[in-house]
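Undergrad: Got a structure for you, questions after.
Where a number appears in this text, it was derived from the coordinates with a stated rule and is not lab data. From a predicted model like this one, the values you see are computed outputs, not experimental measurements. Every residue, glycine as well, gets a Cβ built from its backbone with ideal geometry; the counts of neighbours run over all protein chains shown.
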Amino acid sequence: MKLLVLGAGVVGKHIARTAADMPVFGGITVADRLPGRAANLAAEVGGTGVAVDATDQAALVTLMEQADLVVSAIGPATRFGVSTLRAAIRARRTFVDITDDPHPTLDMLKLDAEARAAGVTAIIGTGASPGVSNLLAVAAGRALDRVDRLLTGWGSGGEESGDDDEPGDGANAALQHWVEQCSGAIPALVDGRIADVPPLRRVVVDYPGLGPVTGRTVGHPEPVTLARRFPELREAFNVMNFSDFVFDGLEAAAAAVNAGASPAEGARILAARFGEDASLADRFGALARLAFQGMRDALAPKLWLPPLWALAEGERDGRPARIGASLNGYVPGGTGRMTGVPCALIAGLLATGAANPGPGVHSVETAVDPDRFFAALAPYLRDSEGRVVTDPVALVRDAGPGHEAVAAE
């Protein structure tokens, strides 16, 4: 099967590298706006590199028609999500992407009828969050008889020294996107309906085995898609878990954007809080806040949620119940690889027929079997000592008072 990877940046390179190890893909074409970057990655994976202008629909359709399956890592989704999916529908090609913005997600799902009419299968939001997080939510939710509330989340797990991603335009774009999803209003599921709510709202996460942990809401697709898998769902949020020092910077950046600054300027404000470009006053202020946070954590140590997790709340055997699901390890190599590997694996499941939701535009939780996905992900996971993980998902449930937890059946 011929694979087309759109984008050779921080995520696209990991999609191509992972797909290159899959026998189902007999040829890989890498397309990027920068011909040199496309050529370099293509040479690495034994494929063909081409230049593409993602704003040129006709050229994009022509390029897609030369492949069997298209995976898009082009961003931002607010600009390219809908248009790239439309091109795939016009080309009548199977489509996978990593859209991580709730607004284009909703707009892309509206193309379901067009995709069905064209016989096109599309799965969107197939990275870490959304993607892995949605399938963790399914793993947790299906252990209950009724699901009332679903929280998905991500964070540092207490490690906030950065990751292995390369700096540059991709990192800057990610920072700007983060600020965008922490400002204005964000869609979430409230009282069974999608509604706009403020971002950075405090949410108490009562995760089995940990007890109450306070996180903050952020704009992500999971809250607007999970009810497609659990129709009885009443509430869903995506929650970040970082130190108050990080949240302090996000609040400052979001406040600037809400007051009229551009998201790019908000991203610069956030970066200045932690980077070498900060003014002397900002550096002293940041150090003072960090010292205060450190003293507070020493007096009352902060509880950290897993880096990627889901929490289902509802009913089991006639009683209120909570089930937590998290990865039993991590994918080394930074957020780019943590996003690109799951995306490539889902493309592989589609290519082999192990995932076959049929024509239409699908979110991950309605299109991919969690057991098959996590079995495919397991070889890429490592535990804290760098060993390969054999049991990829940790499910825990409440076992009584005191926030005790036991493995969920």
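Undergrad: Of the candidates PRO208, PRO102, PRO198, which one comes out as most mobile in a Gaussian network treatment of the chain with C-alpha springs shorter than 10 Å?
TA: Of PRO208, PRO102, PRO198, the most mobile in the Gaussian network model is PRO198.
Undergrad: Sort ILE74, ILE98 so the one with the fewest other Cβ atoms within 10 Å of its own Cβ comes first.
TA: On the way: ILE74 24, ILE98 27.
Placing the least packed residue first, the sequence is ILE74, ILE98.
Undergrad: Mind listing the phi-derived Karplus ³J(HN,Hα) values for segment 355-360, rounded to whole Hz, using 6.51, -1.76 and 1.60 with θ = phi - 60°, and x for any glycine or proline?
TA: 10, 8, x, x, x, x
Undergrad: Could you check which residue among ASP100, ASP383, ASP369 shows the biggest mean-square fluctuation in a GNM of the chain with a 10 Å Cα cutoff?
TA: ASP383
Undergrad: What's the exposure ranking of TRP178, TRP154, TRP309, TRP304, going from fewest to most Cβ atoms within 10 Å? If you can, show how the numbers build up before the last one.
TA: Working: TRP178 20, TRP154 24, TRP309 28, TRP304 16.
Neighbour counts put them in this order, fewest first: TRP304, TRP178, TRP154, TRP309.
Undergrad: Helix-derived [θ] at 222 nm for the chain: sum -39500 (n - 2.57) over DSSP H runs of at least 4, divide by residue count, nearest 500?
TA: -11500 deg cm²/dmol
Undergrad: Each residue of segment 22-27 in order: what ³J(HN,Hα) in whole Hz does its phi give by Karplus 6.51 cos²θ - 1.76 cosθ + 1.60, θ = phi - 60°, with x for Gly and Pro?
TA: My calculation for segment 22-27 gives 9, x, 5, 9, x, x Hz in order.
Undergrad: Give me the compactness ratio for segment 1-106, meaning the Cα radius of gyration over 2.2 N^0.38 Å. Don't jump to the answer; show the numbers that get you there.
TA: Values: Rg = 12.5 Å, N = 106, 2.2 N^0.38 = 12.9 Å.
Expressed relative to 2.2 N^0.38 Å, the Cα Rg reads 0.97.
Undergrad: Would you pull out the residues with amide H under 5 Å of ARG316's amide H, same chain only if 5 or more places away, H placed 1.01 Å from N?
TA: Amide H neighbours of ARG316, under 5 Å, 5+ apart: ASP145, ALA321.
Undergrad: Could you give me the percent of Cα pairs per 10 Å distance bin for segment 95-254, shortest bin first, beginning at zero and ending with the bin that holds the maximum distance?
TA: Result, from short to long distances: 10, 37, 37, 14, 2 percent.
Undergrad: Right, next: Under the rule of at least 5 residues apart or a separate chain, name every residue whose amide H is placed under 5 Å from the amide H of HIS362.
TA: For HIS362, the qualifying residues are ALA122, ILE123, ILE124.
Undergrad: Now for a separate question. Got a sec? How would ILE346, ILE194 order by Cβ neighbour count within 10 Å, fewest to most? Kindly include the intermediate steps, with their values, before the conclusion.
TA: On the way: ILE346 29, ILE194 16.
By the 10 Å Cβ count, ascending: ILE194, ILE346.
Undergrad: Hey, another quick one. For segment 167-251, count all C-alpha to C-alpha pairs, find those more than 22 Å apart, and express that count as a whole percent of the total. Walk me through the numbers before you get to the answer.
TA: Values: 1181 of 3570 pairs.
I get 33 percent for the Cα pairs in segment 167-251 exceeding 22 Å.
Undergrad: Using alpha-carbon positions, what is the distance between the centroids of segment 83-135 and segment 25-71, in Å?
TA: 19
Undergrad: Taking the alpha carbon gyration tensor of the chain, what are the square roots of 5 times its eigenvalues, largest first, to the nearest whole Å? Intermediate results must be reported in sequence, preceding the final value.
TA: Working: eigenvalues 211, 142, 83 Å².
Calculated on Cα positions only, the semi-axes equal 32, 27, 20 Å.
Undergrad: So which helices of the chain fit the span-like rule, where a helix is a whole DSSP H run, its Cα atoms reach 24 Å or more along the axis, and its mean Kyte-Doolittle is at least 0.5?
TA: Values: long enough: 280-299 (29 Å, 0.34); 335-352 (26 Å, 1.14).
Membrane-span-like by this criterion, though nothing is claimed about a membrane: 335-352.
Undergrad: Looking only at PHE245, PHE95, PHE237, which one moves most when the chain is put into a Gaussian network model with springs between Cα atoms under 10 Å?
TA: PHE245
Undergrad: Here's another thing I want to ask about it. Skipping prolines and chain starts, which residues have an amide H placed within reach, meaning under 5 Å, of the one on VAL205, given they are 5 or more residues away or on another chain?
TA: VAL213, THR214, GLY215
Undergrad: How about LYS2: which lysines have a C-alpha closer than 23 Å to its C-alpha, ignoring those fewer than 8 places off in the same chain?
TA: LYS13
Undergrad: Over 23 Å apart: what share of the alpha carbon pairs of segment 56-167 falls there, rounded to a whole percent? Don't skip to the answer; put the middle values down first.
TA: On the way: 2560 of 6216 pairs.
The calculated P(r) of segment 56-167 puts 41 percent of pairs beyond 23 Å.
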